[in-house]
Structure formats: C-alpha cells, structure tokens
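Everything on this sheet refers to the single structure shown next.
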Amino acid sequence: MPRHAAFLCLRSGSPTPLRVVGRYAERRGLDVRDSALARRLVGVEIRRRGTLRAIVAAFVHHKPKPDVATLLRLGVAQLLFLDRVPPHAAISETVRATADLVGLSKGRMVNATLRSVQRAMHEGACGDPTRDVVGRDVRFEFPVFRDPEEHPHLWAEDALSIPATLHKRWTARYGEAGALDLALLALEEPPLSIRATERAPEGREGLRRALAERDVPVLDGQHPSILLAPPEHTSTVLAAPAFARGEATIQGEHALRAAELVGDVDGASVLEVCAAPGGKAAVLRGRGAESLVTVDLSAHRLASVRGGFERLGLAPASLAAMDGTRALRTDASFDAVLVDAPCSNTGVLAQRPSARWRYGPKGQSDLASLQSRLLEEAAGHVRPGGALVHSTCSLETEENEQIVRAFLETHDGWVSEEDRRTEPRPLEAGGPTDGGYAVRLRAPQR
C-alpha cells in the first residue's frame, strides 16, 4: 500500500507532494514503516524526476499517460535508488499498484517495461555520461541521457534532475563546476540543521551532549548555535527530550543569520511579513523583541507560528492573516520590519525538491514583482531610522540584488547597510545546508 499512497500524493495536484504524505498514509492506514517508505518514494521521485523521465522515455515506445508515467517512475526509482527494496519486490509491488489504480492491462505494460529496465542495468560506471547514473555505481547498456557535449543543459536535466533553464543560469553565474556542485547537493535529502535555542542551558555544547545520549552523530555548523546531523536521524531528534523542552529547533543557518541581520531588537517593535512557519520570528522574539507582529496570507500556516512559540516557551506574537502587499493601517509603524519574501527556493532545493519543477522565467518574473510590492509596502511601516530586511532563500539575482537596487533608486535617503549571500554546502563542510540572500536597509531620519 505505500506505493498506492505515493502515487496518490504525486497525482494529488499539490505543488508540494511531500507535505501531504502523512495525510495519504493515514487514509491508507499505513504503519510507521510503510509511511516512511511512501515518503521516501515521493522524495526520490521528485528529486530524481528528470533522470526517471529520461529512463522511462528510453524504454517506452509511446508516451504513456500521466498516471502510468508516474507509476513507471516510481518503479524505476525503486530499482535504482532504494537499496532496501529488492528488485523483485520493486517490480511486483509496482505492478500490483498499477493494476489496482489504473487497470490490469496497464499493469502488464508496467511489468514488461520495468523488467526491460532491470535487464539493461549493470553494476559499475563506464565513464559515459549518457549511460552512467549520477550518484550510483550503475550503467545502462545503451545511452539513455542526452549527450553533455552537444546539449550540456539538457544533459543536466536528464542526469542531474535540474531544469535546463536553471542549470544554464547557474553555469553562467558559478561556472560548470559550481553548477554541478549545487545540482549534486539538490539530489539528496539534506543534513538536518539544528539550532540550540536560548533555552539550551549550555548552548550548542549542551545540546551536542543531549543528542549524543540519543546516539545522534552531529557536526558543528558554521554558526555557533548550529549542529548538523545526517537526515536519517530526523525522527530521533524530533523525539528527543531536548527538542520537547524547546532547547532545540530545526532551522537553517541562512534563515538564522537573516533574522539576526535585523540587528538589535531588544525592547523593539518588530513586524515580520510572510512570517509562517515562524522560525525567524522565534529568533526575533528570543533576542528580545518586545512587540512582535507576524503577517502571513495563510491562516493555516500561521497556526504553526503559534505552536512553535509555545514549544519554545516564547511569549506569543500577534498573528495577522492578511496580504502583505496591503496589510496594515497606514499609521502602523515599527522599529524594524523583516520581509521573508516568497521566492523560487533555488537555495533550498534539497529541502524543497518540488520547487525545481516550478522554476521558469515567467514564474520568476511574477515572484520578483510580488517581492517588490512587499518591500514597498513594508517600507511604509518602518519608523525613521529603522531597519528593513529583505530575505529570500533564492540564489537568483532578479529576486535579490536587483530588487534592492530598484528599491534604492526610487527611495531617497534609504541606504544598504549589510547584505549576505549564501550558497548551500555539504555536511562534511559544516554547511550551511540552506542558501539565499538577505540585506538590511536603513530608513532615513526625517
């Protein structure tokens, strides 16, 4: 049944299928083990979708309908990337799910295709990028990916599961090696970034000992309050007493530093726009913000802010479910405003793998327009001499530096004081696991 649940999540129409796995697993009555398998199936299908599409296309004579294509990708995902699923089970269970969900004849077609894929797979890479599976010691008998010499960005979409348009941009900005590094990081579930909160009695060192008692191996992050753990220990961390006591929370280093960039907020009034799920708001409250207003378009997502504050033992924030582009009374003003702007998420594709398949020039243009409107509205609520922070988890200049440059060109007296651009790095390098951009602007004294 986990394959049924994975299929239903992927075909649900949700832009973030990983977030609905729990709902579908519960509907199917899955136990913890099967729920974990369903989540793993959905995650691998999303992260490796470009590779899976290319392989399916190489073994199917006619383009399958979307439901069948999804089931084929799930089957190939098990054969290639789920070591704990034996090949015979990967095939037989996927065929059974296909027969149940779309009919017996399609089940026979899926069976024949997956067996052909299995026969064409061989252990050991051969050095041919059109045949080798990136990240696996596996090759195919014949080319299944496009030739990187002729079509480097289309090869990246096939072999690295990064859209060609995004890979082209990254190559222009970071070079071939830098684009490859970013793409490889996005292929795998990222390390868990754990922040020792203000409640941790001995800070990061105390939290390290508490997690060691639960057999969780950790490495130091670049930030003095961040620890990094392998992702397979996530459930153990979330069940740890230190987490229940509010001494630890899950937060990326870039997100933490973006909140810290607001500056000294002790005793200050602060507004955060697009605040859910509340990680940055918690940092601001923990650093002494006296009055904290959090605005988000989604009332449902704002509920997570309230729950997070309760677990961390923080005084509650004022929650307002409203549009941040026209949110507050014109006379509402604050010492500092943080705009945690919606973005393309290209700095956190490992954490939010679905975002890569939503990326495109039109979508990015729409996001940039929204970000500009959010920044314009937020600026109107900053007191003279106050701070305004624009933060994204995007690596794209159109959503970051260009937004800020355009704002400064049309707002006399505003200045840029400090900015941070971060690229994600692997666990062994100490992270950060998340990337993005943040800048602090200062309002003029009137």
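With respect to A77, determine if the residue is in a helix (DSSP H, G or I), free of Cβ contacts under 8 Å to residues at least 60 places away in the same chain, surrounded by 18 or more Cβ atoms within 10 Å (Cβ to Cβ) and in contact with an Asp or Glu (Cβ under 8 Å, 6 or more places away or on another chain). Outline the logic, then answer.
Details: in a helix (DSSP H, G or I): yes; free of Cβ contacts under 8 Å to residues at least 60 places away in the same chain: yes; surrounded by 18 or more Cβ atoms within 10 Å (Cβ to Cβ): yes; in contact with an Asp or Glu (Cβ under 8 Å, 6 or more places away or on another chain): yes.
Considered against the rule, which asks whether it is in a helix (DSSP H, G or I), free of Cβ contacts under 8 Å to residues at least 60 places away in the same chain, surrounded by 18 or more Cβ atoms within 10 Å (Cβ to Cβ) and in contact with an Asp or Glu (Cβ under 8 Å, 6 or more places away or on another chain), A77 comes out as yes.
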Next on the checklist: With the requirement that a residue be buried (at least 20 other Cβ atoms within 10 Å of the Cβ) and of a type in the set (G, A, S), what does region 201-224 give you?
Outcome noted: A210, G221
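Touching a helix residue (DSSP H, G or I) at 6+ places or on another chain (Cβ under 7 Å), more than 22 Å from K65 (Cα to Cα) and surrounded by 14 or more Cβ atoms within 10 Å (Cβ to Cβ): is that true of L101 in this structure?
Numbers: touching a helix residue (DSSP H, G or I) at 6+ places or on another chain (Cβ under 7 Å): yes; more than 22 Å from K65 (Cα to Cα): no; surrounded by 14 or more Cβ atoms within 10 Å (Cβ to Cβ): yes.
So L101 does not fit the description; no.
Looking at region 272-280, is at least one residue among the β-branched types (V, I, T), surrounded by 22 or more Cβ atoms within 10 Å (Cβ to Cβ) and over 27 Å from Q445 (Cα atoms)?
Taking region 272-280 and keeping what is among the β-branched types (V, I, T), we get 273.
Next cut, surrounded by 22 or more Cβ atoms within 10 Å (Cβ to Cβ) only: 273.
With the extra rule that they be over 27 Å from Q445 (Cα atoms), the set shrinks to none.
Within region 272-280, none of the residues are among the β-branched types (V, I, T), surrounded by 22 or more Cβ atoms within 10 Å (Cβ to Cβ) and over 27 Å from Q445 (Cα atoms).
Where in region 242-343 are there strands (runs of 3 or more DSSP E), lying fully within it, with 3 or more residues that are within 23 Å of I226 (Cβ to Cβ) and among the small types (G, A, S)?
On the way: elements: 248-250, 269-273, 291-296, 318-321, 334-340.
Ranges flagged: none.
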Next on the checklist: Can you find, within region 48-74, the residue that is farthest from H122 (Cα to Cα) among those that are basic (K, R) and open to solvent by 20 Å² or more (accessible area, probe 1.4 Å)?
Outcome noted: K65
Checklist outcome for this item: By residue number, the members of region 323-375 that are under 17 Å from A164 (Cα atoms) and free of Cβ contacts under 8 Å to residues at least 40 places away in the same chain are A355, K362, G363, Q364
Checklist entry - Looking at (1) of a type outside the set (A, V, I, L, M); (2) surrounded by fewer than 24 Cβ atoms within 10 Å (Cβ to Cβ); (3) modelled with pLDDT under 95; (4) in contact with a helix residue (DSSP H, G or I) (Cβ under 6 Å, 6 or more places away or on another chain), can you tell me which one S298 breaks? => result (4)
Next on the checklist: Can you pull out every residue in region 404-433 that is touching a strand residue (DSSP E or B) at 6+ places or on another chain (Cβ under 7 Å), touching a residue at least 40 places away in the same chain (Cβ under 8 Å) and either open to solvent by less than 70 Å² (accessible area, probe 1.4 Å) or in a loop (DSSP other than H, G, I, E, B) (or both)?
Outcome noted: T422, L427, G430, G431, P432, T433
Item to check | Contacts under 6 angstrom Cβ, first residue in region 207-233 being over 22 Å from A259 (Cβ atoms) and in contact (Cβ under 8 Å) with a residue 12 or more places away in the chain, partner open to solvent by less than 80 Å² (accessible area, probe 1.4 Å) and polar (S, T, N, Q), 6 or more apart | outcome: R214/T236; V216/T236
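Picking from D331, D335, which residue would you name as being open to solvent by 30 Å² or more (accessible area, probe 1.4 Å), acidic (D, E), modelled with pLDDT of 95 or more and closer than 20 Å to A268 by Cα? I'd like the intermediate steps shown before the answer.
Values: D331 fails: modelled with pLDDT of 95 or more.
Just a single option satisfies the conditions, and that option is D335.
The values are calculated or read from the model by the stated rules, or taken from the named source; none is laboratory data. Please read these numbers as outputs of a predicted model, since none were measured by experiment. Cβ atoms come from the backbone with ideal geometry, glycine included; neighbour counts cover every protein chain shown. Protein only, heavy atoms only, side chains kept; ligands, DNA and RNA dropped before computing areas. Shrake-Rupley method; radii C 1.70, N 1.55, O 1.52, S 1.80 Å.
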